[in-house]
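What follows is a short report on a single structure.
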């Protein structure tokens, strides 16, 4: 059975879709009340974020648009030192979408949300003309425990920059699928809870965190350098790229530094905490390939020491990159 | 200038779009920090909601998709007795969208948000292939003051149902635009803050509120009857419809009871508060045509006493209604 316009009417067909697909997987005490909004008890300081997901293909090696839509917003909340608690999910379904495919995606969202410890408490569905695809928007709320101050503005000269793993996997995976190139490259799509959890539990002074998504490491580090008014120095040798991804990039002329990831983050800590932070990150599943990639300097912008001993300025992504990777 | 894929890359073109359009209109202390999420101080009980907007045409008599995207979420929060505080905005732009049109819509969102007393604190933009249109998702957070308990489950036998004004305006406006029929029908698209504000300020015991959107009054009242396990009795004579909208409906065979509105709500109060609530609603701009339309009964479902003295069961909308009205 396929989605048609009646599923977006707000009437009986919409209600059936809610019950049979969304209710089946997302059902919880708050959502089941069927009010126009969720009512939540929240004390103190919260983080609040939103992200829309338009990736094609909607199912790919290592994930799907549903998993991505949960991980993306959960990671945004984590990056501010928050404990993610609640999500909303807004679906824009294209006419002709197979209900089976929608169910697969919704089930994947539910499973990912459960693992990440978040509850989907409000939702909305619209149907538009189209070619059987879908878009998902999620927004999220997280609680920031007292005493945490994580911000892109906190980075200072001498601080050490850690990266949680290899670059380019998600981008290369989606591009491979789009170009119908067969390989073993899987998206790194993952919720990153375990990394901030272990760092905070062990008293690491976390100054800045960022997930390395659209625009890639180059864009993220330039934004931090701008916001913190410092420079960043990277060592090319220390930046991990999976050999198969590197081969793929070499053939297509892509730069892993500007490629999007969906399960990678950087952490910036004072020099004295760097080695301990690295050990802790490597003990997590999502951070097992973590490395120290560089440090904050007194300069401006991002500079990379290349393998052959030179140095080059690393600018933000300009132009389109690959569209619809997230 | 038109939107192209580079505006969704997360790189330099994206950053320019953020600064030149979104920053220009939405700029505020929280958003300007350019973090992955907003950090907010919130005490106690909150309402949390989301809605996606896909209306075509994107600009129509009485409003546009930007105004609609703010009003829709603000109204959802209000309906739970909350004071709307913060919004997020997620844009999915189709390639070819005129930047001027985007700016008009963003400016309209900013103006509507200001009037409704909400601040847009986080956002996201993606670009997809398409025909120059756009979709907007908003999510919202509101604070629920101590002691308020407004819910679709609170309606009891004898309670009185008030409607804030005429039915069908938004739906008839969008349908007219789509069919290129020239008339004076304008959307009722509006934020409804003034109605709950005045009712609570004057100590009215508000049991249930609902905005009458997709699916129309028929669907909303059936949902309340189901949730509260009561019946609803309406009087056809008391349901206000603008004469031009009524004429439009007669010609096309539409039923104002299942048509969508974007600035209308019902309020359910105990019988002893009904007349005072009506007077208060009529003193507001968005409630000046308010009327008492019926009451809750011991029965089941929604029944309407017709003009000719009979009665008919009013069922929820089944089938498509008009797609993409919101």
List the residue pairs whose Cβ atoms are under 6 Å apart, where the first residue sits in the stretch B:191-202 and is farther than 16 Å from residue B:116 by Cβ, the second is in a loop (DSSP other than H, G, I, E, B), and the two are 6 or more positions apart or on different chains. B:199/B:206
What tally of residues in the stretch A:135-154 results from selecting those that are crowded, with 23+ Cβ neighbours inside 10 Å and more than 7 Å from chain B (Cβ to nearest Cβ)? 5
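One residue is enough: does the stretch A:124-133 have a residue meeting the conditions more than 12 Å from every other protein chain (Cβ to nearest Cβ) and farther than 28 Å from residue A:199 by Cα?
Yes: one or more hits.
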Counted residues in the stretch A:278-322 being more than 18 Å from residue A:163 (Cβ to Cβ) and in a loop (DSSP other than H, G, I, E, B) come to 12
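Here is a check on your reading of the model: is residue B:13 in contact with a helix residue (DSSP H, G or I) (Cβ under 6 Å, 6 or more places away or on another chain), modelled with pLDDT under 85, over 15 Å from residue B:122 (Cα atoms) and in the same structural domain as residue B:83 (by TED's automatic domain parsing)?
Yes.
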As an exercise: evaluate residue B:227 against (1) within 14 Å of another protein chain (Cβ to nearest Cβ); (2) within 17 Å of the chain's Cα centre (by Cα); (3) surrounded by fewer than 22 Cβ atoms within 10 Å (Cβ to Cβ) and give the number of the one condition it does not meet. (2)
State the number of residues belonging to the stretch B:34-72 that are at the interface with chain A (Cβ under 9 Å from one of its Cβ atoms), outside any loop (DSSP other than H, G, I, E, B) and surrounded by fewer than 18 Cβ atoms within 10 Å (Cβ to Cβ). 1
In this structure, is residue A:260 part of a loop (DSSP other than H, G, I, E, B) and surrounded by 24 or more Cβ atoms within 10 Å (Cβ to Cβ)? yes
What residue, of B:253, B:294, B:301, B:260, is out of contact with any helix residue (DSSP H, G or I) (no Cβ under 9 Å at 6 or more places or on another chain) and closer than 21 Å to residue B:215 by Cβ? B:253
Evaluation of residue A:106 against (1) outside any helix (DSSP H, G or I); (2) more than 8 Å from chain B (Cβ to nearest Cβ) (one fails), failing number: (1)
Go through the stretch B:292-312 and report how many residues are away from chain A (no Cβ under 14 Å) and surrounded by fewer than 19 Cβ atoms within 10 Å (Cβ to Cβ). 14
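The values are calculated or read from the model by the stated rules, or taken from the named source; none is laboratory data. Everything quoted here is computed from the prediction, not taken from an experiment. Heads up, the Cβs are rebuilt from the backbone with ideal geometry, glycines too, and the neighbour counts pull from every protein chain shown.
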